[in-house]
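The values are calculated or read from the model by the stated rules, or taken from the named source; none is laboratory data. These numbers were taken from a predicted model, which means no experiment stands behind them. For neighbour counting, all protein chains shown are included, and Cβ atoms are generated from backbone atoms with ideal geometry for every residue, glycine included. For the accessible areas, the whole protein counts, side chains as well, though only heavy atoms, and no ligand, DNA or RNA atoms are used. Shrake-Rupley method; radii C 1.70, N 1.55, O 1.52, S 1.80 Å.
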Amino acid sequence: MKWFNGVKQIVTGVIIGLSALSLVACSSGNDEGDTSDKTEISLYSSGSKNVEEFWEEVIPMFEEEHDHIEVEFVFVPSGTGGQSTMDRILAANESGNDSGVDIYEGSLEDILRGKEDGDIFYPLTSNNIENLSNVQESNLAGANDLAVPYRASSVVLAYNEETVTDIPDTAEELYQWIKDHPGRFAYNDPSTGGAGSSFVLSTVYNQLEEGAMDIQDESIMEEWGKGFDLLNELAPNMYQEGVYPKKNQGTLDLLANGEVDMIPAWSDMALEQINKGLLPESIKLKQIQPAFTGGPSYLMLANNDDEARKEAAEELLNYVLTTDVQEIVIDQMYGYPGIKWDLLSEEDQEKFADVMDGYRIFNGGELGGKLTEQWQKEVAAQ
Amino acid sequence: MRKQWKSALLGLGLVMPSFLILLVLVMYPVWSSIKTSFTGADDQFTFEHYQYIFTEPLILNNIRHTLIVTVLSCLLVLIIAYSIAIYLRFSQSTVARWINKTYLIPMFIPGVIAVYGFINFYRDNGWVARIIGEEYMPAIIYNVKGLLMINIWFNIPFTTMLLISALQSIPNSIIEGAKDAGANQWRLFWHFILPLSYRTMLVALTFLFMGIVGSFTAPFLIDRNAPQMLGVSMQQHFSVFNEIEQSSSLAVFMFLLCSIVGCFYIYSNIKESKKELK
């Protein structure tokens with residue numbers, strides 16, 4: 001039993017040590033909060049790893065320049081209930097409580113939801129956010145003066161230069177290319193990643209009149225048939241006669257292995273992987289016409305009736321639109337900058353020359369989910 | 001009498017914490033998903049979500065696919081694991097010793113990593129294809145064959161472990177006695193070894209069924225896009241289509257499937273312990 005006593009002593013020691021440590025940790029935390037006159041704001045963001053890394057770099061830079069502001073960063077990885085932050089803001093607004101969220105990084109859908117429900121977000125103009133005048137005007141349209149579109153990305157065509165000679169310029173040429181090269185094109189399951197869902201969306205909406213992407217009325221679903229017929233027609237010419245890998249990375253892996261020659265991919269993911277050597281150098285990117293979908297990421301200011309926090313948050317938004325931060329967007333996230341191209345160095349402009357042809361913004365709200373559901377029933381289960 | 005009361009209370013006290021945790025972490029979520037699965041758009045009681053999962057061809061195909069894959073995987077795993085267990089029980093060779101040392105390894109490799117390794121090994125231009133030539137490579141990844149293979153790979157260690165312990169608990173004296181009485185190997189197997197280990201086989205089958213019917217990672221990454229395993233379909237309904245009620249009804253259906261198998265297991269256990277009490 002001697003060893004047992006020994007173990008008991010060790011365990012007790014560890015427990016006492018840990019509780020002592022936690023007490024110390026608590027008290028030091030409290031001290032800081034009590035004595036400082038700093039304004040504390042919180043930033044809620046969501047997305048992939050690169051978004052998290054971006055903020056972890058920008059926030060300390062911001063805090064150094066603005067030593068009266070402290071930013072608490074809360075990151076919700078994508079697919080783990082990012083919508084709950086929005087629900088929290090809405091619920092707090094309804095009950096008149098403080099949501100604890102000052103800055104929220106969200107989507108176009110969130111802006112529309114906020115607009116419907118009233119004063120959820122503070123209006124943002126170049127009066128309170130000076131640098132807003134530098135932002136690309138096409139991105140500002142969807143923001144409704146409620147959000148800052150600080151970066152963007154889009155889906156583009158990624159292809160292997162060594163094996164693809166007749167590079168398609170238009171969507172029609174792309175469909176013809178797929179038919180001419182059976183088994184050499186793949187798009188990922190649209191329910192698992194935006195690149196595949198953009199391909200499905202673009203293919204369906206290319207068959208409809210211009211402006212259809214802005215319609216949120218469900219009656220348009222009746223007109224989807226033609227697009228789905230085309231997808232079904234293409235299916236036997238896809239990778240393994242109709243296999244759609246899971247996640248955006250699934251098709252990128254196939255392209256890297258040389259199992260396919262062409263895929264739709266997110267511009268930022270593909271650029272990052274080319275630069276890090278995860279994709280071979282022969283992989284090139286290109287936007288076709290009409291373009292695949294894409295869009296900006298928006299920052300919103302949640303209304304908590306606290307003037308000091310509002311001003312501090314506005315300062316952060318203004319800071320994000322400076323060229324310093326925008327260069328981080330370009331260099332580290334491989335995202336499109338939020339500010340106008342001519343404000344950036346020529347070197348940076350050149351980096352995006354291949355994919356700068358823009359993107360279309362899908363503004364159909366919940367129709368996106370419905371489209372995926374129909375795809376699962378009509379194309380996958382074919 | 002007082003002493004009995006005391007020990008009863010002590011027993012209850014010891015069981016209480018785990019029971020309370022079970023209540024909060026298991027019973028409550030189960031209850032709330034059952035409730036969600038019967039709730040319509042206007043908060044009224046409805047059967048429409050069950051109607052959906054039992055009439056929609058998409059889901060019906062998924063259910064059929066799930067059952068086929070689960071039953072096939074269970075049978076294959078059981079056959080292979082039982083053969084390994086028998087071999088390890090009765091053979092003293094070096095090979096047997098080596099298998100004994102290594103068969104548990106797959107248990108310690110995290111699922112996602114194993115699946116990616118598997119994909120790299122068997123994909124169309126993967127390792128195997130490079131050795132045997134790409135044109136001879138059968139479709140394994142993005143195919144139900146691959147799913148069956150990875151299910152076998154994941155489940156053999158635990159099943160074999162269970163079966164070996166059952167076989168090892170058969171006393172050598174029984175086997176030697178039977179041999180002395182003139183039983184040949186088949187007789188020995190059918191009349192002694194199988195009857196003495198089949199209950200553990202049922203236990204293993206229960207665990208296998210529950211594990212495979214609700215699996216997600218392997219079918220998500222390896223199976224075709226349609227038909228899907230129910231776990232994948234449930235996730236899709238929940239987080240892509242935002243059909244929380246429908247995915248709840250799928251979950252309840254899967255819960256029922258598992259509880260049928262579970263009841264079967266408990267029933268056979270009760271029967272056995274009654275026998276022992278006599």
Seminar exercise, completed: Those residues of region B:48-66 that are within 23 Å of the chain's Cα centre (by Cα), open to solvent by 10 Å² or more (accessible area, probe 1.4 Å) and in contact (Cβ under 8 Å) with a residue 12 or more places away in the chain come to a total of 4
For this session: Determine whether A:S282 is open to solvent by less than 10 Å² (accessible area, probe 1.4 Å), more than 14 Å from chain B (Cβ to nearest Cβ), touching a residue at least 24 places away in the same chain (Cβ under 8 Å) and of a type outside the set (A, V, I, L, M).
Result: no
Problem set entry | Odd one out for A:T192, checked against (1) within 14 Å of another protein chain (Cβ to nearest Cβ); (2) assigned to a helix (DSSP H, G or I); (3) open to solvent by less than 40 Å² (accessible area, probe 1.4 Å) | (2)
Exercise. Are any of the residues in region B:214-221 open to solvent by 30 Å² or more (accessible area, probe 1.4 Å) and within 23 Å of B:W31 (Cα to Cα)?
Worked result: yes
Exercise. When residues of region B:168-180 are filtered for being part of a helix (DSSP H, G or I) and free of Cβ contacts under 8 Å to residues at least 24 places away in the same chain, how many remain?
Worked result: 9
Problem set entry | Criterion violated by B:A183 - all others in (1) open to solvent by less than 40 Å² (accessible area, probe 1.4 Å); (2) more than 14 Å from chain A (Cβ to nearest Cβ); (3) assigned to a helix (DSSP H, G or I) satisfied | (3)
Exercise. Tally time: how many residues in region B:157-180 are open to solvent by 30 Å² or more (accessible area, probe 1.4 Å), under 17 Å from B:L208 (Cβ atoms) and either hydrophobic (A, V, I, L, M, F, W, C) or within 14 Å of chain A (Cβ to nearest Cβ) (or both)?
Worked result: 3
Problem set entry | Search result, residues across region A:240-264 that are hydroxyl-bearing (S, T, Y) and either surrounded by fewer than 24 Cβ atoms within 10 Å (Cβ to Cβ) or away from chain B (no Cβ under 11 Å) (or both) | A:T251
For this session: Being of a type in the set (G, A, S), over 30 Å from B:A139 (Cα atoms), open to solvent by 60 Å² or more (accessible area, probe 1.4 Å) and more than 14 Å from chain B (Cβ to nearest Cβ) narrows it down to one of A:S219, A:S267, so name that one.
Result: A:S219
Seminar exercise, completed: A:P236 fails exactly one of (1) surrounded by 15 or more Cβ atoms within 10 Å (Cβ to Cβ); (2) away from chain B (no Cβ under 12 Å); (3) in contact with a Gly (Cβ under 8 Å, 6 or more places away or on another chain), namely (1)
Exercise. Got a sec? Which of B:F38, B:F45 is more than 30 Å from B:Y198 (Cβ to Cβ), surrounded by 13 or more Cβ atoms within 10 Å (Cβ to Cβ) and away from chain A (no Cβ under 14 Å)?
Worked result: B:F38
For this session: Kindly check whether there is at least one residue in region B:120-132 that is open to solvent by less than 50 Å² (accessible area, probe 1.4 Å) and in contact with a Lys or Arg (Cβ under 8 Å, 6 or more places away or on another chain).
Result: yes
Exercise. Looking only at region A:365-379, which residues are within 9 Å of chain B (Cβ to nearest Cβ) and closer than 17 Å to A:L108 by Cα?
Worked result: A:E366, A:G369
Exercise. List, please: which pairs have Cβ atoms under 9 Å, are six or more places apart or on different chains, and start with a residue in region A:110-126 that is among the acidic types (D, E) and end with one that is modelled with pLDDT under 80?
Worked result: A:D110/A:Q83
Exercise. Looking only at helices (runs of 4 or more DSSP H) that fall completely inside region B:211-278, which ones have 3 or more residues that are under 19 Å from B:E48 (Cβ atoms)?
Worked result: B:230-239, B:244-277
Exercise. If you take just the helices (runs of 4 or more DSSP H) that sit entirely in region B:49-144, which of them hold at least 2 residues that are at pLDDT below 95 and within 14 Å of chain A (Cβ to nearest Cβ)?
Worked result: B:57-90, B:111-122, B:127-132
Exercise. Which one is farthest from the other protein chains (Cβ to nearest Cβ) among residues in region A:334-364 that are open to solvent by less than 30 Å² (accessible area, probe 1.4 Å) and among the hydrophobic types (A, V, I, L, M, F, W, C)?
Worked result: A:L344
Exercise. What tally of residues in region A:102-154 results from selecting those that are more than 15 Å from A:S297 (Cα to Cα), touching a Ser or Thr at 6+ places or on another chain (Cβ under 7 Å) and open to solvent by 50 Å² or more (accessible area, probe 1.4 Å)?
Worked result: 2
For this session: Starting from residues that are in a loop (DSSP other than H, G, I, E, B) and among the small types (G, A, S), keep the ones in region A:108-140 and report whichever is nearest to A:S95 (Cα to Cα).
Result: A:G118
